[in-house]
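Worksheet: the structure to be examined is printed underneath.
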Amino acid sequence: MDGVVGLYGPGDRELVSKAFLATGACQHRGKASAGIAVGNRSGLYVHKGIGRIAEVIDYDVNRLFKGLEPETAIANIGYTKRRIAEKSNAEPLEIYPRAAGSFRMVVTMDGYLIGDRELREELEPEYNLRSDNKTEIVGAFLHKYLNEEGIGFEAGRRLVDRLHGRATFSLVAIVHDGTESMLIAITDDRAFEPLCFAVIEGTVVVSSESCSHRRLHGFTDHEFDGAEMIICSSKGIQRARVRQEPAMPDIFQAVYYGNVGSLFRGKEIFQIRRGLGLGLVEQYGTSAADVVIPNPESGWGVTVGIAEGLKKPLYPALIKLPQAVRTFQEGERKTRSYEVGLKFGGVDSLLKDKNVAMGDDSIVRGSVSQGGSVWVVYNAGAKYVEFWVSYAPMIFPSFKEWHRGPDCLKELAVRRAFEGDNPYDKGLDEINTAVARLVGVDEVRYNSLELIRKVAGEGSFQALDASYPISESHWPVWLLREVERFHRYR
């Protein structure tokens, strides 16, 4: 998940600093790369690199870009798209048409595109594509349609229609027409990827999360609907929905990715996570726990709800160490298992000889729990561990992992727990028992899809029931067969 930000504020002398602060508020969404682009009356300027935002956009860059007196700015916090991050794929990206056109454009995007090879081949006669980043392809199509239709909503409609059922995106772009720089923001037609809007002290601020608005001492006006497009220029702020489809927001964004203070479809993320914890207690009733602890950091919200519901003390007895390495995208499960043991430290005085209820947001592959936090808790002296999980059993991979083939399906913890069998005809108690054995705890207590839907609302639960925002015509064959099998058992 990337974090993207766009600002429009001609005459705002602090525009670059605001872009830095708004983007920095989304640092949790990506740590591989960062970049900023600004536009003024003369043109576009881009600076990007590998690392976190404070490592890439330093004081000198801020001062230099401020001196350009920009009208608009966009910025990106990049999620690791490859095992080794590459500067050529860092965003924002400038779009390079092979023939001179009416506009220059620089773009950044949070999202994903399926089947990009054929789209790349379609664009190559007209565009000089300089990266392996899917954002460049989406941006090139937007540039193409703006060049053909002019700056307006018809270009956005064509983009959304062209990518319907094969892409999710929250995209922000600066377009320079030779006289001014304009800001464009647009989302996919299912509103899968989050984007929110505010006007703060006269400056338009769009961002992946509302925590950016709070960082700038403002409040979110609204979250983008599906296929919503905003154009900010000297003509003012224009806004429209260019296609009508039922919304399908990614519920996992609220459960795991989002900042606890951000809004998700009108609800504060912390309260969603707390509600999931309270619901778990209602579902399971009793507990043998003496103390409740979070599996940091995204386990805090659900754990507050669990402790509140159980009326048990909540302790920060499992600490994420400052030198921790990020392991979520490490491809080798064995390597991840070794690395996660370096992430945590346990407080012996709070855990020794205790029955522990440990809250976490989810179990995906199981290696963070299996090799890291669980081992640390037992090593600190805990005698019994209940592992409470705010999300339900994950039995399908994210569509953003399909490119890895069937391995992304087989490595999921629930599937490993039923190796040689399938989880589709198993009840929740049976799944809890099998996964507890896999990750090495005394009990696992998963949430249910019904309770998650009640707390978080409707949307995509792709990992739970294959409710993908991608049309089946773009699904890989191995997944089609597996989903057919799922429905046969269910």
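Values computed for the structure shown
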{"item": "Residue match in segment 218-228 (condition: out of contact with any Ser or Thr (no Cβ under 7 Å at 6 or more places or on another chain) and small (Gly, Ala, Ser))", "result": "yes"}
{"item": "Sole exception among (1) closer than 26 Å to residue 169 by Cβ; (2) without any contact (Cβ under 8 Å) to a residue 40 or more places away in the chain; (3) buried (at least 23 other Cβ atoms within 10 Å of the Cβ); (4) among the hydrophobic types (A, V, I, L, M, F, W, C) for residue 382, by number", "result": "(1)"}
{"item": "Check on residue 33, farther than 19 Å from residue 224 by Cβ, out of contact with any helix residue (DSSP H, G or I) (no Cβ under 7 Å at 6 or more places or on another chain) and free of Cβ contacts under 8 Å to residues at least 60 places away in the same chain", "result": "yes"}
{"item": "Filter result for residue 445 (closer than 30 Å to residue 379 by Cβ and not in a helix (DSSP H, G or I))", "result": "yes"}
{"item": "Among residues of segment 384-440, those that are of a type in the set (Val, Ile, Thr) and either at pLDDT below 95 or in the same structural domain as residue 165 (by TED's automatic domain parsing) (or both), counted", "result": "1"}
{"item": "Conditions (1) more than 16 Å from residue 463 (Cβ to Cβ); (2) within 24 Å of the chain's Cα centre (by Cα); (3) part of a loop (DSSP other than H, G, I, E, B); number of the one not met by residue 381", "result": "(2)"}
{"item": "Pairs where the first residue, in segment 461-481, is farther than 12 Å from residue 396 by Cβ and in the same structural domain as residue 400 (by TED's automatic domain parsing) and the second is at pLDDT below 95 and in a loop (DSSP other than H, G, I, E, B), C-beta under 7 Å, 6+ apart", "result": "474/115"}
{"item": "Residues of segment 58-89 classified as in a loop (DSSP other than H, G, I, E, B) and at pLDDT 95 or above, total", "result": "5"}
{"item": "Selection within segment 1-46 - assigned to a strand (DSSP E or B) and more than 20 Å from residue 202 (Cβ to Cβ)", "result": "3, 4, 33, 34, 35, 36, 37, 44, 45, 46"}
{"item": "Residue list for segment 139-156, filter: surrounded by fewer than 20 Cβ atoms within 10 Å (Cβ to Cβ) and under 19 Å from residue 224 (Cα atoms)", "result": "152, 153, 154"}
{"item": "Filter result for residue 69 (surrounded by fewer than 24 Cβ atoms within 10 Å (Cβ to Cβ), within 27 Å of residue 189 (Cβ to Cβ) and acidic (Asp, Glu))", "result": "no"}
{"item": "Subset of segment 90-138 that is assigned to a strand (DSSP E or B) and among the hydrophobic types (A, V, I, L, M, F, W, C) - its residue that is farthest from residue 231 (Cα to Cα)", "result": "113"}
{"item": "Matching residues, segment 249-288, being touching a Phe, Trp or Tyr at 6+ places or on another chain (Cβ under 8 Å) and small (Gly, Ala, Ser)", "result": "254, 258, 261, 277, 288"}
{"item": "Count of residues meeting criterion [loosely packed, with under 15 Cβ neighbours inside 10 Å and among the charged types (D, E, K, R)] in segment 84-121", "result": "6"}
{"item": "When residues of segment 261-298 are limited to those that are of a type in the set (Asp, Glu) and part of a loop (DSSP other than H, G, I, E, B), the one surrounded by the fewest Cβ atoms within 10 Å (Cβ to Cβ)", "result": "297"}
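The values are calculated or read from the model by the stated rules, or taken from the named source; none is laboratory data. Worth saying up front: this structure is predicted, and the values here are computed from it rather than measured. Virtual Cβ from ideal backbone geometry, glycine too; neighbours counted across all protein chains shown.
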